1. Using the alpha-carbon centroid of each, what span in Å lies between the stretch A:128-180 and the stretch B:52-101?
2. Between beta-carbons, use under 10 Å as the cut-off and find the net charge around A:Phe116, counting Lys and Arg +1, Asp and Glu -1.
3. Going out from 0 in 10 Å bins, what whole percent of all Cα-Cα distances in the stretch A:39-105 drops into each bin?
4. May I ask for the net charge around A:Leu69, where only other residues with Cβ less than 14 Å from the Cβ of A:Leu69 are counted and Lys, Arg are +1 while Asp, Glu are -1?
5. Are there any chymotrypsin sites (Phe, Trp or Tyr not before Pro) in the stretch A:22-70 that are in a DSSP loop and have at most 16 other Cβ atoms within 10 Å? List them by number.
6. Could you count how many Lys pairs in the stretch B:15-102 have their Cα atoms under 21 Å apart, skipping same-chain pairs fewer than 8 positions apart?
7. Could you give me the ³J(HN,Hα) list for the stretch A:37-52, computed from phi with Karplus coefficients 6.51, -1.76, 1.60 and θ = phi - 60°, whole Hz, x at Gly and Pro?
8. With respect to the cross-link table entries A:Lys48/A:Lys169; A:Lys73/B:Lys5; A:Lys10/A:Lys66; A:Lys103/A:Lys180; A:Lys28/B:Lys5; A:Lys46/A:Lys180, which display a Cα-Cα separation exceeding 27 Å?
Amino acid sequence: MTSVFGADGKSYPCTVIEAGPCIVTQVKTLDNDGYEAVQLAFDDKKEKNTTKPMVGHFQKAGTEPKAKLVEFKGFEQALNLGDVISVDLFEENSFVDITGVSKGKGFQGVVTRHGFGGVGGQTHGQHNRGRAPGSVGASSFPSRVFPGMRMAGRTGGDNVKVENLRVLKVIPENNLIVVKGSVPGAKGSYLIIEK
Amino acid sequence: MDLLKVAQEAFRTGTEIPSFGAGDSISVHYRIVEGAKERIQIFKGVVIQIKGEGVNKRFTVRKMSGNVGVERIFPFNSPFIEKVEMNRRGKVRRARIFYLRDLTGKSARIKERRM
């Protein structure tokens, strides 16, 4: 993330995303696959780190091996194998939805994981229960903890989608788009951008 | 990191700001929007510090308004800066001349640096 000054003089928090060039590596059709979709590939990968079947898959599209493959639906224009999709697809001041894998936080308690308020004050005999979850249910009835009770556990690393992020700028020379606000995930991680 | 700089560069307004440092007297021509009207205000004073890096780089200018000290912080990349005029180069030993805040009148003068 960084921040930039808009023409109105305001400072906007923004994220710079390298969005392309993506190459069409497979076109799924109704006849062949039962649904319509386009598989796009992004980011180079060494051939020695690619399995032989995947090398064949990329050769069919006439490209070098790629690191990330994602299927997209609902393209307006008809696409063929080997077509290149660039950031020209995006317009400035339009809105996009961005999906990514959020940063992993490890095993976290209920305060971090579910936003519990903690127990309250630190005085009045309070000892070491400040961030405890409290009661998880009643006694002999129902004699069990209900499923879905919010407890401590692995946090982060989920698929998170952020909707309606404004595209502040498209820089075609470097395949960059700049969106207002933050996106899920660590620096350098892969994102899915949808219009 | 490199691509971040490319993106930041794309938002630059291209206003040339002369290089100055602490102790220099400058006039900042700053665009002010009041409702639908726009005018240019000139803030004339002494640079007392330059802070931050990259897009966050900003400078503080201090002036005496009557006998009240006024300080204003300007971002280098603000699109509202019309131009910056260099009035006088000052000879100071520090990068941040906060001691100026305690001084008034004759003692608040800064020696001119001859180039």
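We did not get these values from a lab; they are worked out from the coordinates using the rules stated. From a predicted model like this one, the values you see are computed outputs, not experimental measurements. Cβ sites come from the backbone with ideal geometry, for glycine too, and all protein chains shown count toward neighbours.
1. The two parts, judged by their Cα centres, are 44 Å apart.
2. Working: positive: A:Arg113, A:Arg131, A:Arg150; negative: none.
With Lys, Arg at +1 and Asp, Glu at -1, the neighbours total +3.
3. Bin by bin from 0 Å, the calculated values are 15, 42, 31, 12, 0.
4. Around A:Leu69, the surrounding residues sum to +1.
5. Qualifying residues, ordered by number: A:Tyr35.
6. 11
7. 6, 10, 9, 10, 10, 9, 6, 6, 8, 6, 5, 5, 9, 10, 6, 4
8. On the way: A:Lys48/A:Lys169 37 Å; A:Lys73/B:Lys5 33 Å; A:Lys10/A:Lys66 39 Å; A:Lys103/A:Lys180 19 Å; A:Lys28/B:Lys5 38 Å; A:Lys46/A:Lys180 33 Å.
Violating the 27 Å Cα-Cα cut-off are A:Lys48/A:Lys169; A:Lys73/B:Lys5; A:Lys10/A:Lys66; A:Lys28/B:Lys5; A:Lys46/A:Lys180.
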